[in-house]
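Colleague: One structure is given below, represented as structure tokens, and several questions about it will come after.
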Amino acid sequence: MRQIPRLFVDAPLASGALRLDGSAAHYLAGVLRLRPGDEVRLFDDRTGEWAAVIEAVERRAVILGIGERLAGRETVPDLWLMAAPIRPERFQWVAEKATELGVARLIPVLTERTNHHRQNPARLRQHTVEAAEQCGRSALPTLADPVPLAGLLAGWPAERMLVLADEAGGSAATALGLALPAGLLIGPEGGFSEAERAAILAVPGVRRLSLGSRVLRADTAAVAALAQLLLVTG
């Protein structure tokens, strides 16, 4: 049985006709080779997910008939991923996996040892969109502007738990009393400086999460830590 494709539409959806052009039309008609009568699922990060049927395929556009709303916009765990940017292709992979796992917000954090300050926000967003389309998610994560670590810590909300993925030690996720809302902090390649580490550990209630005895790459650490935190917090 053919799986019904899902597509993100960056506009509020409602029952009725919808004309798609550009890359969205090419994807449906040119890549997936869908034809009139084929079903599609649409979501908009606003109203939820909708059933739709292709009514016509034109040269540069696809006309869909939107039917019933299948579900409202989902509620995702109130978890932020705050990670120092790494090579763009690897940071895009982190954004993709964070979307699949259910992160609510992704914040690039600039540190003393950050080597890849320049990222492409449009590419990052596209990776989150494609991940959401694939995994069934109907709420996209918020992509924040890059922020210096000092600024992040200075404005840290008292009600949000700060969890440091700590390569120097820490405890297992099950022993930390983790709870949401929370923010998970992942350092750069080479780790935090001594001054940065002291500033992080000075945040009231900070938790140090151990990722084991091996030295993990920054992208691996982000996914491993996210999986543990989400599992423990339910």
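Colleague: Kindly indicate which of R46, R59, R35, R19 is in a strand (DSSP E or B) and not assigned by TED's automatic domain parsing to the domain that holds A165.
Modeller: Criteria check complete, one pass: R19.
Colleague: Which condition does D145 not pass, out of (1) out of contact with any Lys or Arg (no Cβ under 7 Å at 6 or more places or on another chain); (2) in a helix (DSSP H, G or I); (3) acidic (D, E), if it passes all the others?
Modeller: (2)
Colleague: Also: Considering every residue within the range 107-128, establish whether at least one is within 20 Å of A227 (Cα to Cα), in a helix (DSSP H, G or I) and touching a Pro at 6+ places or on another chain (Cβ under 9 Å).
Modeller: Within the range 107-128, one or more residues are within 20 Å of A227 (Cα to Cα), in a helix (DSSP H, G or I) and touching a Pro at 6+ places or on another chain (Cβ under 9 Å).
Colleague: Continuing with this model, one more query. So which residues in the range 191-218 are within 18 Å of the chain's Cα centre (by Cα) and either surrounded by fewer than 16 Cβ atoms within 10 Å (Cβ to Cβ) or at pLDDT 95 or above (or both), if there are any at all?
Modeller: Those that are within 18 Å of the chain's Cα centre (by Cα) and either surrounded by fewer than 16 Cβ atoms within 10 Å (Cβ to Cβ) or at pLDDT 95 or above (or both): none in the range 191-218.
Colleague: Then there is this: On the given criteria, is P188 surrounded by 20 or more Cβ atoms within 10 Å (Cβ to Cβ) and in a loop (DSSP other than H, G, I, E, B)?
Modeller: It is true that P188 is surrounded by 20 or more Cβ atoms within 10 Å (Cβ to Cβ) and in a loop (DSSP other than H, G, I, E, B).
Colleague: Could you count how many residues in the range 1-21 are in contact (Cβ under 8 Å) with a residue 24 or more places away in the chain and either among the basic types (K, R) or more than 16 Å from E133 (Cβ to Cβ) (or both)?
Modeller: Qualifying residue count, the range 1-21: 9.
Colleague: Scan L153, L180, L140 and give me the residue that is surrounded by 14 or more Cβ atoms within 10 Å (Cβ to Cβ) and not in a loop (DSSP other than H, G, I, E, B).
Modeller: Going through L153, L180, L140 in turn, the sole match is L153.
Colleague: Restricting the range 19-77 to residues that are more than 21 Å from Q3 (Cβ to Cβ) and hydrophobic (A, V, I, L, M, F, W, C), which is nearest to the chain's Cα centre (by Cα)?
Modeller: Per the stated criteria, the residue is V76.
Colleague: Let me ask something additional. Return the residue satisfying two criteria in turn: it lies in the range 100-135 and is in contact with a strand residue (DSSP E or B) (Cβ under 7 Å, 6 or more places away or on another chain) and surrounded by fewer than 15 Cβ atoms within 10 Å (Cβ to Cβ), and of such residues it is farthest from R87 (Cα to Cα).
Modeller: If we take residues in the range 100-135 being in contact with a strand residue (DSSP E or B) (Cβ under 7 Å, 6 or more places away or on another chain) and surrounded by fewer than 15 Cβ atoms within 10 Å (Cβ to Cβ), then P121 is farthest from R87 (Cα to Cα).
Colleague: For the range 202-234, which positions are of a type in the set (V, I, T) and either assigned to a helix (DSSP H, G or I) or closer than 20 Å to T99 by Cβ (or both)?
Modeller: T220, V223, V232, T233
Colleague: While we're on this one: How many residues does the range 1-16 hold that are closer than 19 Å to L140 by Cβ and in a strand (DSSP E or B)?
Modeller: Adding up the residues that qualify gives 3.
Colleague: Tell me which residues, restricted to the range 78-92, are surrounded by fewer than 17 Cβ atoms within 10 Å (Cβ to Cβ) and either under 11 Å from V109 (Cβ atoms) or not charged (D, E, K, R) (or both).
Modeller: P88
Colleague: Quick check, is T174 touching a helix residue (DSSP H, G or I) at 6+ places or on another chain (Cβ under 8 Å), of a type in the set (S, T, Y), within 21 Å of S210 (Cβ to Cβ) and buried (at least 18 other Cβ atoms within 10 Å of the Cβ)?
Modeller: no
The values are calculated or read from the model by the stated rules, or taken from the named source; none is laboratory data. Just so we're clear, the structure is a prediction, and the values are computed from it rather than from any experiment. All Cβ positions, even for glycine, are placed from backbone atoms using ideal geometry, and neighbour counts span all protein chains on display.
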